[in-house]
Amino acid sequence: MPICQFFKVPLEKHMENFEKCVDVMWMSIRQTAAETAKSEPVLAGLLDEVILSRKSLFDSICMRVARKLSRHALGTVEIYEVFMEAFEDREIRQKAFDDLMAIKSRDPACSSYMHPIMYFKGFHAITVHRVAHWLWNNDRRHLAYYLQSLCSEIFAVDIHPAARFGSGILLDHATSFVAGETSVVEDNVSILHEVTLGGTGNETGDRHPKVRSGVLIGAGAKLIGNITIGTCAKIGAGSVVLDDVEPHTTVVGVPARPTNVIPEDNPACCMNQKCE
């Protein structure tokens, strides 16, 4: 099944094959790690600790992100245990898997499934948020805030723990991505660096953007207020979006206005940022 079609399949339809798909991906990652350790011995110890000695794909993800975060107050073991507890939730495992699939299929700089786990801070950041969101929903909000703070300091990505993200998310480069408390990002969305999903001031309540499935948000775009970005819309780089965007519509400019360009069937998958 083509990768873009994979994301259109309802979760329950492919859930029965999930474990098999995870095993195939994990075998591929381990093979790449073994080959890399042999060709670049200076990385052998890290690859062994993060991948080759791990029991599963999700064990590996938890260890890698824990090591990235642990240079601060909490140690690797404490953070790793929190992540492993959160990853007992099947929804988190499914979303992490879908994120890896999305990155590999959409980012031409990603040549293996190992690369996001080892090197891509966009994947690390969205993974931290998924755990922080799980903590938030389980009344462990101080720890959720702490993870948000670490994510902002280390990855330059600041996502409020209450913000809701679907699966198949690509945070490409990720630097300076911000999402406020009531932001919603649905499945299969691609977001470039320096994007803001922000409020309009100090108002309370539902005040941040709602991004529907299949949307592509170009670098530096600012989406402000409780607006809706319709399914498979495209937001041009550097645009400031203050109003709702209709589905399958391209908007550009400051303030953003619709163009005559009809975006692809799934802009998030195609990753074509040209808006002319």
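The values are calculated or read from the model by the stated rules, or taken from the named source; none is laboratory data. Quantities reported herein were computed from a predicted structural model and do not represent experimental measurements. Heads up, the Cβs are rebuilt from the backbone with ideal geometry, glycines too, and the neighbour counts pull from every protein chain shown.
Would you mind telling me which numbered condition in (1) in a loop (DSSP other than H, G, I, E, B); (2) modelled with pLDDT of 95 or more; (3) over 20 Å from ARG141 (Cα atoms) GLU88 fails?
Of everything listed in (1) in a loop (DSSP other than H, G, I, E, B); (2) modelled with pLDDT of 95 or more; (3) over 20 Å from ARG141 (Cα atoms), GLU88 misses just condition (3).
ASP244 versus (1) of a type in the set (Asp, Glu); (2) without any contact (Cβ under 8 Å) to a residue 12 or more places away in the chain; (3) in contact with a Ser or Thr (Cβ under 6 Å, 6 or more places away or on another chain): which is the lone unmet condition?
(2)
Inside segment 211-244, can you point out the residues that are in a strand (DSSP E or B) and touching a Leu at 6+ places or on another chain (Cβ under 9 Å)? Break it down stepwise before answering.
Just the residues of segment 211-244 that are in a strand (DSSP E or B), to begin with: 211, 216-217, 222-224, 228-229, 234-235, 240-241.
Listed by number, the residues that qualify are VAL211, LEU216, ILE217, LYS222, LEU223, ILE224, ILE229, LYS234, ILE235, VAL240, VAL241.
Would you confirm, using the coordinates I've provided, whether ILE117 is of a type in the set (A, V, I, L, M, F, W, C), touching a Lys or Arg at 6+ places or on another chain (Cβ under 8 Å), under 27 Å from LEU43 (Cβ atoms) and surrounded by fewer than 20 Cβ atoms within 10 Å (Cβ to Cβ)?
Numbers: of a type in the set (A, V, I, L, M, F, W, C): yes; touching a Lys or Arg at 6+ places or on another chain (Cβ under 8 Å): yes; under 27 Å from LEU43 (Cβ atoms): yes; surrounded by fewer than 20 Cβ atoms within 10 Å (Cβ to Cβ): no.
Taking the combined requirement at face value, the residue does not satisfy it.
I'd like to check something: does segment 188-198 contain any residue that is outside any loop (DSSP other than H, G, I, E, B) and charged (D, E, K, R)? If you could, list the steps in order and put the result at the bottom.
Going residue by residue through segment 188-198, those that are outside any loop (DSSP other than H, G, I, E, B) are 190-191, 196-198.
Within this subset, residues satisfying the condition of being charged (D, E, K, R) are none.
Among the residues of segment 188-198, not one is outside any loop (DSSP other than H, G, I, E, B) and charged (D, E, K, R), which makes the answer no.
When you check CYS151 against the structure, is it in the same structural domain as THR127 (by TED's automatic domain parsing) and either assigned to a loop (DSSP other than H, G, I, E, B) or crowded, with 20+ Cβ neighbours inside 10 Å (or both), yes or no?
Details: in the same structural domain as THR127 (by TED's automatic domain parsing): yes; either assigned to a loop (DSSP other than H, G, I, E, B) or crowded, with 20+ Cβ neighbours inside 10 Å (or both): yes.
In short, yes.
For LEU170, which of the numbered conditions (1) of a type in the set (A, V, I, L, M, F, W, C); (2) closer than 25 Å to ASP139 by Cα; (3) under 13 Å from the mean Cα position of the chain (by Cα) fails to hold?
Condition not satisfied by LEU170: (2).
Under 9 Å by Cβ, and 6 or more places apart or on different chains, what pairs join a residue from segment 199-217 that is at positive phi with one that is among the aromatic types (Phe, Trp, Tyr)?
Partner pairs satisfying both residue conditions: GLY214/PHE7.
Please go through segment 137-159 and give me each residue that is farther than 14 Å from THR127 by Cβ and within 15 Å of the chain's Cα centre (by Cα), ordered by number.
Once the filter is applied, which keeps residues that are farther than 14 Å from THR127 by Cβ and within 15 Å of the chain's Cα centre (by Cα), segment 137-159 yields SER152, ALA156, ASP158.
Among what's in segment 49-69 and is under 19 Å from the mean Cα position of the chain (by Cα) and in contact (Cβ under 8 Å) with a residue 40 or more places away in the chain, pick the residue that is surrounded by the most Cβ atoms within 10 Å (Cβ to Cβ). I'd like the intermediate steps shown before the answer.
From segment 49-69, those under 19 Å from the mean Cα position of the chain (by Cα) are 57-69; that's our starting set.
From the residues that got through so far, the ones that are in contact (Cβ under 8 Å) with a residue 40 or more places away in the chain too are 57, 60-61, 64-65, 68-69.
Details: LEU57: 24, SER60: 23, ILE61: 28, ARG64: 24, VAL65: 26, LYS68: 19, LEU69: 26.
It comes out as ILE61.
Got a sec? Which of ALA156, ALA109 is modelled with pLDDT under 95 and surrounded by fewer than 22 Cβ atoms within 10 Å (Cβ to Cβ)?
Working: ALA156 fails: modelled with pLDDT under 95.
Unique residue meeting the criteria: ALA109.
Determine whether segment 245-262 contains at least one residue that is in a loop (DSSP other than H, G, I, E, B) and within 29 Å of TRP136 (Cα to Cα).
Taking segment 245-262 and keeping what is in a loop (DSSP other than H, G, I, E, B), we get 246-249, 253-256, 259-262.
Next cut, within 29 Å of TRP136 (Cα to Cα) only: none.
No.
Suppose we filter SER167, SER112 for residues that are in the same structural domain as SER60 (by TED's automatic domain parsing), polar (S, T, N, Q) and under 20 Å from TRP26 (Cβ atoms); which single one remains?
Values: SER167 fails: in the same structural domain as SER60 (by TED's automatic domain parsing).
SER112 is the lone residue from the list that is in the same structural domain as SER60 (by TED's automatic domain parsing), polar (S, T, N, Q) and under 20 Å from TRP26 (Cβ atoms).
Could you grab me the full set of residues in segment 190-216 that are in contact with a Ser or Thr (Cβ under 7 Å, 6 or more places away or on another chain) and surrounded by 24 or more Cβ atoms within 10 Å (Cβ to Cβ)?
Looking only at segment 190-216, we keep the residues that are in contact with a Ser or Thr (Cβ under 7 Å, 6 or more places away or on another chain), and these are 193-194, 197, 206-210, 212-214, 216.
Within segment 190-216, LEU197, HIS208, PRO209, GLY214, LEU216 meet the criteria.
Can you tell me which residue within segment 94-134, out of those that are of a type in the set (Asp, Glu) and assigned to a helix (DSSP H, G or I), is farthest from GLU153 (Cα to Cα)? Working first, answer last.
Taking segment 94-134 as the starting set, the residues that turn out to be of a type in the set (Asp, Glu) are 98-99, 107.
With assigned to a helix (DSSP H, G or I) added as a condition, the list becomes 98-99.
Working: ASP98: 26, ASP99: 22 Å.
Only one residue tops the list, namely ASP98.
Among residues belonging to segment 160-177 that are over 9 Å from ALA125 (Cα atoms) and of a type in the set (A, V, I, L, M, F, W, C), point out the one that is surrounded by the most Cβ atoms within 10 Å (Cβ to Cβ). Break it down into steps so the answer makes sense when it comes.
Applying the first criterion (over 9 Å from ALA125 (Cα atoms)) to segment 160-177 yields 160-170, 172-173, 175-177.
Remaining after also requiring of a type in the set (A, V, I, L, M, F, W, C): 162-163, 165, 169-170, 177.
Working: ALA162: 18, ALA163: 21, PHE165: 23, ILE169: 24, LEU170: 28, PHE177: 24.
Per the criteria, the residue is LEU170.
(1) in contact with a Lys or Arg (Cβ under 8 Å, 6 or more places away or on another chain); (2) in contact (Cβ under 8 Å) with a residue 24 or more places away in the chain; (3) among the β-branched types (Val, Ile, Thr): which one isn't true of ILE224, the others all being true?
Checking ILE224 against (1) in contact with a Lys or Arg (Cβ under 8 Å, 6 or more places away or on another chain); (2) in contact (Cβ under 8 Å) with a residue 24 or more places away in the chain; (3) among the β-branched types (Val, Ile, Thr), the one that fails is (1).
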